[in-house]
Amino acid sequence: MSGVPLARTGGRSWRDWLLATAPASRRQARLGNWYRSWLAFRRNGLAMTGLAIVLLLIVVAAAAPLIASPDAAILQSLSDRLRPASAAHWFGTDELGRDIFARIVFGSRITLAIVAMVAAIVVPIGLGIGLPSGYFGGIVDAVLMRITDIFLAFPRLILALAFSAALGPGIRNAVIAIAITSWPPYARLARAETMTRRKAEFIQAAELQGASPLRILWLQILPLCLSSVIVRLTLDMAGIILTAAGLGFLGLGAQPPTPEWGAMISTGRDYLLDQWWVATIPGIAIFIVSLGFNLLGDGLRDVFDPRSG
C-alpha cells in the first residue's frame, strides 16, 4: 500500500481510499477489493488461526538452521537414545539418539517443499486440461474428461502408492506420484468454471474482436478461475501432507536419515508403548499443520464464495 502516492488518495486515509464506493482507477478498485477480502477473512477467528499455523510453518522452515542444529537432526548418539523430554532435548530423542525437536524443525522444510512442488505441478496440469475442455466442448471435452475419470476412479492414496512403488522410493518420486493422483479435481473445477462463463457477453465480445481461443483462455477465463483453484489447493494441502506422510511411513518417501515426519512415525511405532514421544511428536506436527491448512482453506472459501455474503 505504501507504493500508492499520497496525492492519489485525495487527502483521505488509506482505509477510506481503499473502501471508496466510487474508485477513481482500476488499480484503486483492485486494491480495494483485496482489502475488503482481507477484512472479511480477518473476522474469521478460525481462519486467522489457520493462517498463523501456516505462517509459523513457513518461518520455522526458513529459519531452521537458526532454531535447531542440523547435526542434532542427523548425527547418531546411541548413548542418548530414547531419552524423554529435557532441557537438552525438548522433545526427547529417538532410537538412534537424534534430537526429535531438531528433526521436527528440519522436517518442516521437507513438508513445505513437498506441498510447494505438488502445487506447482497439479495446478498447471489441472488448468491445462480443464480450461480447454470447458471452452471447446465436444470431442475435446469428452476425451479430456474420460482421461480425468480414469484417475478419479482410483483412491488417491492407493494410486499414489502404485506410482511411487513403480518409480522407486525418494522425495522426488513421491512428489511425482502425489501430483499424478492430485490433478483431476482441479481439471473438473476449471472445466466447470469455464463452462459457466463460456457464453458470457465479455467472452463473446472478445471473440467478435478476433481474439484467439488461447488468448481468451489465458486473459479472460483463467483469472476468474484462480480464486476457486486457490481455495481448492489450500483445502487439499492437508491431504497432500497426509499422503506424503503415508508414503514416508511405508518407506516409499524420503529415505533415512532424512527427517521426514511420516518416516519418523514409522521408525517410532516399535517404541510407542514405552517411549511414546518418538512417534507421537511427529504425528502431532502432521495434525497441527494439516489442521492449519484446513482452517485457512475454510476461511478463504468463505471469502471467495459469492454465496457467503
#### Entry: Most mobile listed residue (Ala88, Ala119, Ala245) in the chain, GNM with C-alpha springs under 10 Å
Ala88
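To the nearest 500 deg cm²/dmol, what mean residue ellipticity at 222 nm is calculated for the chain from DSSP H runs of n ≥ 4 alone, each contributing -39,500 (n - 2.57), summed and divided by the residues?
Values: 14 runs with 211 residues, N = 309.
Helix contribution divided over all residues of the chain: -22500 deg cm²/dmol.
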### Summary
Per 10 angstrom bin, beginning at 0 and ending with the bin that holds the maximum distance, the Cα pairs of the stretch 132-180 fall in percents of 26, 35, 27, 12, 0
### Message
With angles folded into 0 to 90 degrees, how steeply does helix 277-304 sit against the dominant principal axis of the chain? Use alpha carbons for both and round to 10.
### Response
10 degrees
### Message
If I take all pairs of Cα atoms in the stretch 69-191, what percentage of them are more than 23 Å from each other?
### Response
51 percent
### Query
What's log10 of I(q)/I(0) for the stretch 1-159 at q = 0.14, 0.16, 0.18 Å⁻¹, Debye sum over Cα points only, no solvent?
-0.98, -1.01, -1.07
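With a Förster radius of 25 Å, plug the Cβ-Cβ distance of Thr196 and Ile125 into 1/(1 + (r/R0)^6) and report the FRET value to the nearest 0.05.
Here the calculated transfer efficiency is 0.75.
Using only the Cα atoms, what convex hull volume per residue in Å³ does the stretch 157-284 have? Numbers along the way, then the final one.
Details: hull volume 15.6 nm³, N = 128.
Cα-based convex hull of the stretch 157-284, divided per residue, equals 122 Å³.
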### Task
Can you check how the C-alpha radius of gyration of the stretch 187-262 compares to 2.2 N^0.38 Å, as a plain ratio?
1.73
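For the residues Phe91, Phe41, what sequence is obtained by ranking on other C-beta atoms within 10 Å, fewest first? Could the numbers behind the result be given before it?
Working: Phe91 22, Phe41 17.
In increasing order of surrounding Cβ atoms, one gets Phe41, Phe91.
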## Note on the structure
For the chain, the longest principal axis of the Cα atoms and the Cα long axis of helix 171-182 enclose an angle in degrees, to the nearest 10, of 40 degrees
## Note on the structure
Taking only the alpha carbons of the chain, the radius of gyration and the largest Cα-Cα distance, Dmax, both in angstrom, are 23.5, 77
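We did not get these values from a lab; they are worked out from the coordinates using the rules stated. Note that the structure is a prediction, hence the values are computed from the model and not measured. In this analysis, Cβ positions are derived from the backbone assuming ideal geometry, glycine residues included, and neighbour counts consider all displayed protein chains.
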